[in-house]
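To start, the structure itself, in structure tokens.
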């Protein structure tokens, strides 16, 4: 029994250490990479602390019970779904439906996604990993989405894209080729909306930090209101995602949405889900509802959001 207790104590210290260094993710990209697994570590900590509570006697049992309760409460705070903020009932707005989806360059099941678009009937769609074959199929939807833009990322991985029912103004359209950023200004009735589709590299030890540094000057110049969405390959609480939110003077839409299923993509790590596809909004945009839906042959899930573009009072 003593050996088992020490084993669980070792696991407890290890998990706590990883959680702790993940909260200092602004110090080094490695710590930011560790922080992506915060929720997984919290669930592990709950299980380990539960066993330590049962294995110990005396005051230590109450110590571990307290840690268990605090960890459980914090896990609930981190994983709770999105809740719409209150706005005045007299506030006028334009309703917008938006879909964000990483199509996966290997995906040969695009017909189901096209059928999904027809059912959902979104106004704006942001896409990543759009191959030439995908683009040819999406262009068959020009009766519904006459305004389409594509921007090359990696030759193999595919482009980032924006599809819209509403016209582009062309005043701020930017394609940052091979850096995964496409920006377009959309005229929606009486308001203009800056829409951006973003695809980031994998985090450290890959090139994500260097890529974001190159994109910073573009992101800081986005004219509000801004709707930026994409595959960030980073958790919403990560330093890299929060820094982009600051660059656009906006925020990441709250709520935990498991948007990718990793199937043996990372060595020594079992299959798991991660929240890495996000929606960022600046002032004058409110999210009414947001959810991760289906994957349509991709390893990512489509994110569907209903938004309100506020009109001047």
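Just one of (1) at pLDDT below 95; (2) touching a helix residue (DSSP H, G or I) at 6+ places or on another chain (Cβ under 7 Å) trips up residue 261, so point out which.
(2)
Check residue 107 against each of (1) over 17 Å from residue 287 (Cβ atoms); (2) free of Cβ contacts under 8 Å to residues at least 60 places away in the same chain and name the one condition it does not meet.
Tallying (1) over 17 Å from residue 287 (Cβ atoms); (2) free of Cβ contacts under 8 Å to residues at least 60 places away in the same chain, residue 107 fails exactly one: (2).
What about residue 75, is it in a helix (DSSP H, G or I), surrounded by fewer than 15 Cβ atoms within 10 Å (Cβ to Cβ) and modelled with pLDDT of 90 or more?
No: the conditions fail for residue 75.
With the requirement that a residue be touching a residue at least 60 places away in the same chain (Cβ under 8 Å), more than 15 Å from residue 252 (Cα to Cα) and not in a loop (DSSP other than H, G, I, E, B), what does the stretch 273-303 give you?
274, 300, listed by residue number.
Could you please let me know if residue 24 is on the phi < 0 side of the Ramachandran plot and in the same structural domain as residue 130 (by TED's automatic domain parsing)?
Details: on the phi < 0 side of the Ramachandran plot: yes; in the same structural domain as residue 130 (by TED's automatic domain parsing): no.
So residue 24 does not fit the description; no.
Hey, any hits in the stretch 207-226 for a residue that's buried (at least 21 other Cβ atoms within 10 Å of the Cβ) and within 23 Å of residue 41 (Cβ to Cβ)?
Yes: the stretch 207-226 contains one or more residues that are buried (at least 21 other Cβ atoms within 10 Å of the Cβ) and within 23 Å of residue 41 (Cβ to Cβ).
Residues of the stretch 154-165 being under 19 Å from the mean Cα position of the chain (by Cα) and assigned to a loop (DSSP other than H, G, I, E, B), which ones?
Across the stretch 154-165, the qualifying residue is only 157.
Return yes when residue 17 is under 27 Å from residue 208 (Cα atoms), under 33 Å from the mean Cα position of the chain (by Cα) and surrounded by fewer than 15 Cβ atoms within 10 Å (Cβ to Cβ) and no when it is not.
Values: under 27 Å from residue 208 (Cα atoms): yes; under 33 Å from the mean Cα position of the chain (by Cα): yes; surrounded by fewer than 15 Cβ atoms within 10 Å (Cβ to Cβ): yes.
Judged against the criteria, residue 17 is a match.
Yes/no matrix, rows are residues, columns are (1) touching a helix residue (DSSP H, G or I) at 6+ places or on another chain (Cβ under 8 Å); (2) part of a loop (DSSP other than H, G, I, E, B); (3) surrounded by 22 or more Cβ atoms within 10 Å (Cβ to Cβ); (4) at positive phi:
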| site | (1), (2), (3), (4) |
| --- | --- |
| 91 | no, yes, no, no |
| 94 | no, no, no, no |
| 114 | yes, no, no, no |
| 128 | no, no, yes, no |
| 135 | no, no, no, no |
| 139 | no, no, no, no |
| 152 | no, no, no, no |
| 192 | no, no, no, no |
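Filter the stretch 17-33 for residues that are farther than 16 Å from residue 78 by Cα and touching a helix residue (DSSP H, G or I) at 6+ places or on another chain (Cβ under 7 Å) and give the result. Steps first, please.
Going residue by residue through the stretch 17-33, those that are farther than 16 Å from residue 78 by Cα are 17-18, 21, 24-33.
Across the stretch 17-33, the qualifying residues are 18, 21, 24, 25, 26, 29, 31, 32.
Please go through (1) without any contact (Cβ under 8 Å) to a residue 24 or more places away in the chain; (2) outside the structural domain of residue 290 (by TED's automatic domain parsing); (3) not in a loop (DSSP other than H, G, I, E, B) for residue 86 and return the number of the only condition it doesn't satisfy.
Tallying (1) without any contact (Cβ under 8 Å) to a residue 24 or more places away in the chain; (2) outside the structural domain of residue 290 (by TED's automatic domain parsing); (3) not in a loop (DSSP other than H, G, I, E, B), residue 86 fails exactly one: (3).
State yes or no: is residue 61 over 22 Å from the mean Cα position of the chain (by Cα) and either at pLDDT below 95 or surrounded by fewer than 15 Cβ atoms within 10 Å (Cβ to Cβ) (or both)?
Numbers: over 22 Å from the mean Cα position of the chain (by Cα): yes; either at pLDDT below 95 or surrounded by fewer than 15 Cβ atoms within 10 Å (Cβ to Cβ) (or both): yes.
Answer is yes for this residue.
Taking only the stretch 219-234 into account, find how many residues are over 30 Å from residue 312 (Cβ atoms) and in contact with a strand residue (DSSP E or B) (Cβ under 7 Å, 6 or more places away or on another chain).
Here the count works out to 2.
The values are calculated or read from the model by the stated rules, or taken from the named source; none is laboratory data. Model, not experiment: these values are computed from the prediction. Neighbour counts run over all protein chains shown; Cβ positions are idealised from the backbone, glycine included.
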